[in-house]
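Colleague: One structure is given below, represented as structure tokens, and several questions about it will come after.
The values are calculated or read from the model by the stated rules, or taken from the named source; none is laboratory data. The structure presented is a predicted model; accordingly, all values stated were derived computationally and were not measured. With ideal geometry, Cβ positions are generated from the backbone for all residues, glycine too; neighbour counts draw on all protein chains shown. All accessible areas refer to the heavy atoms of the entire protein, side chains included, with ligands and DNA or RNA removed. Shrake-Rupley method; radii C 1.70, N 1.55, O 1.52, S 1.80 Å.
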2 protein chains.
Amino acid sequence: MLLELDLESERPLYQQLVNAIIKGIATGELQPGESLPSVRMLAQDLGINMHTVNKAYHLLKADGFLHIHRQKGVTIASVLPSADRAFHEKTRADLEPIIAEAVSRGMAEDNFLALCRSLFAEMRAKRTAKK
Amino acid sequence: MLLELDLESERPLYQQLVNAIIKGIATGELQPGESLPSVRMLAQDLGINMHTVNKAYHLLKADGFLHIHRQKGVTIASVLPSADRAFHEKTRADLEPIIAEAVSRGMAEDNFLALCRSLFAEMRAKRTAKK
């Protein structure tokens, strides 16, 4: 899997790494149970600090996306976390400022929903291409 | 307008302030042309650093939501910025990780769209109540 980080982005690197791995799972590039590089290797490959990789891995572990075994190493969870109540609440909180800005800029609700649909379609397309 | 900041949130305070003001515009609590408190007053009211308020105001100014006059003070722009190409691209980039996580948790697209619709409806409801 190709992980691309934007070193000029305002988004912290550990967050970009978390997002890239979750996107990999969503598109099927990373399969449940699949092994990921060790903290040391990934940090070396990406040219970033080990603490950054470690922070990303531990956040993903806390959310149930990764398993971290002292000996077997890092793997994508074989059973992925569900869209539970806490996730719904977090998603609502994350969407609120985005939708507030869309409304304040006069963006039509239908255009916003179309943008969401196109992102779902993109991920489905990658998933299908992978099969 | 009541501005509520969450001092325990991971989201930086200046970002919370930006979001709260944009939400105020979206819901009609803050009207185009309306005056906002000075940096000093708002910092005092909220019990936060002047630099934090200053940063939020300048980001909002850069995006076209605020005017900052040396004498007249801070006002909501009388003509709000539009949902231009740059905004579409930013929104797509902001939505991508949220939708990736929804997909990887097996959330149905329709449920996600329903959540978006409910947020649009909430803002419309406040706007109508205001009139």
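Colleague: Restricting to the stretch B:17-38, and then to whatever is more than 9 Å from every other protein chain (Cβ to nearest Cβ) and polar (S, T, N, Q), can you tell me which residue is farthest from the chain's Cα centre (by Cα)?
Modeller: B:Ser38
Colleague: Out of curiosity, is A:Leu95 open to solvent by less than 70 Å² (accessible area, probe 1.4 Å) and over 30 Å from B:Val79 (Cα atoms)?
Modeller: On the way: open to solvent by less than 70 Å² (accessible area, probe 1.4 Å): yes; over 30 Å from B:Val79 (Cα atoms): no.
Against the criterion (open to solvent by less than 70 Å² (accessible area, probe 1.4 Å) and over 30 Å from B:Val79 (Cα atoms)), A:Leu95 does not qualify.
Colleague: I've got another one for you. Have a look at A:Glu89, A:Glu29, A:Glu34 and point out the one that is open to solvent by 10 Å² or more (accessible area, probe 1.4 Å) and touching a residue at least 60 places away in the same chain (Cβ under 8 Å).
Modeller: On inspection, the qualifying residue turns out to be A:Glu29.
Each row is one residue, and each column tells you yes or no for (1) open to solvent by 80 Å² or more (accessible area, probe 1.4 Å); (2) without any contact (Cβ under 8 Å) to a residue 12 or more places away in the chain; (3) acidic (Asp, Glu); (4) in a helix (DSSP H, G or I).
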site	(1), (2), (3), (4)
B:Ile48	no, no, no, no
B:Lys55	yes, no, no, yes
B:Leu59	no, no, no, yes
B:Gly64	no, no, no, no
B:Gln71	yes, yes, no, no
B:Val74	no, no, no, no
B:Pro81	no, no, no, no
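Colleague: Looking at the stretch B:5-12, can you tell me whether even one residue there is among the basic types (Lys, Arg), open to solvent by 20 Å² or more (accessible area, probe 1.4 Å) and modelled with pLDDT under 95? If you could, list the steps in order and put the result at the bottom.
Modeller: Of the stretch B:5-12, the ones among the basic types (Lys, Arg) are B:11.
Now restrict to residues that are open to solvent by 20 Å² or more (accessible area, probe 1.4 Å): B:11.
Keeping just the survivors that are modelled with pLDDT under 95 gives B:11.
Yes - at least one qualifying residue is present in the stretch B:5-12.
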